Amino acid sequence: MLNPPPLPQPAAAVERPWDARLARRLVTPLIDTWVTPNHLTTLRLAVGLAAAAAFIPGSYVWSNLAALLLIVSNFLDHTDGELARMSGKTSRIGHIYDLASDAAVTILLFIAIGIGAKPGVALGLPPAMLGLVAGTAVALIFYLRMRIEELLGKAATQQASLGGFETEDLLYLFPLATLSNALVPTLLAAAICAPLFAVWVVIDYQRLLRRDRRMATGVAE
């Protein structure tokens with residue numbers, strides 16, 4: 001979950017994800033302390049980078065440790081936004097820092113998985129190249145989502161959810177890939193699906209830009 005800039009919240013909010021609810025409970029005691037949302041963002045970034053580093057050796061033990069660190073990092077990603085909202089410590093800089101941390105962790109994660117994977121796999125491409133493709137696509141998606149949020153607000157980038165689980169919660173299933181030695185198929189799927197989703201986000205972004213220009217022209221007239 002991102003650390004949003006100050007925006008009025010609607011009275012009838014969508015169902016909150018389970019991990020966000022738990023994160024809210026855990027950070028409630030920190031509201032009146034010296035801990036800021038940026039401190040939690042830094043902690044999330046550090047754990048995420050540690051997860052990426054643990055994928056590089058490519059061994060079974062290190063990969064499973066990396067998957068556990070990834071789960072912790074993904075959960076910590078909710079804590080900064082929850083603390084910011086409850087304490088009123090929201091800021092534009094914190095929002096950008098959160099987005100940049102999300103992008104850095106995700107990109108380096110895929111590249112590290114590619115470095116640690118065995119060479120000579122699918123499509124005749126080195127695994128590190130597959131990781132770079134997936135990571136670059138994710139970077140583009142993060143950037144465009146930030147731009148869409150600036151144009152239309154956070155609600156425009158709301159993830160699909162079901163039963164208190166969001167799309168990004170699939171990362172909690174990552175240990176299944178490491179335990180079953182399925183990192184390479186997972187990496188290949190990411191290298192195929194992430195660019196396709198990035199293309200869809202680009203099309204959607206262009207559509208929103210055209211609509212915004214038409215609205216601006218109508219107001220000017």
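The values are calculated or read from the model by the stated rules, or taken from the named source; none is laboratory data. Everything numeric in this text was worked out from a predicted model, so none of it was measured. Please note: Cβ atoms are built from the backbone with ideal geometry, for glycine as well, and neighbour counts cover all protein chains shown. Heavy atoms of the whole protein, side chains included, go into the accessibility calculation; ligands, DNA and RNA do not. Shrake-Rupley method; radii C 1.70, N 1.55, O 1.52, S 1.80 Å.
Before moving on, here are some points about what is shown:
- A single member of LEU65, LEU45 is surrounded by 19 or more Cβ atoms within 10 Å (Cβ to Cβ), of a type outside the set (Ser, Thr, Tyr) and under 21 Å from ILE111 (Cα atoms), and it is LEU45.
- Considering THR136, THR217, THR186, the condition of being at pLDDT below 90, part of a helix (DSSP H, G or I), loosely packed, with under 11 Cβ neighbours inside 10 Å and not charged (D, E, K, R) is satisfied by THR217 alone.
- Yes/no for GLY58 being open to solvent by less than 40 Å² (accessible area, probe 1.4 Å) and on the phi > 0 side of the Ramachandran plot: yes
- Residue match in segment 37-55 (condition: of a type in the set (Lys, Arg) and at pLDDT below 90): no
- Complete set of residues in segment 189-214 that are open to solvent by 40 Å² or more (accessible area, probe 1.4 Å) and among the acidic types (Asp, Glu): ASP212
- In segment 163-173, the count of residues that are modelled with pLDDT under 80 and small (Gly, Ala, Ser) is one or more.
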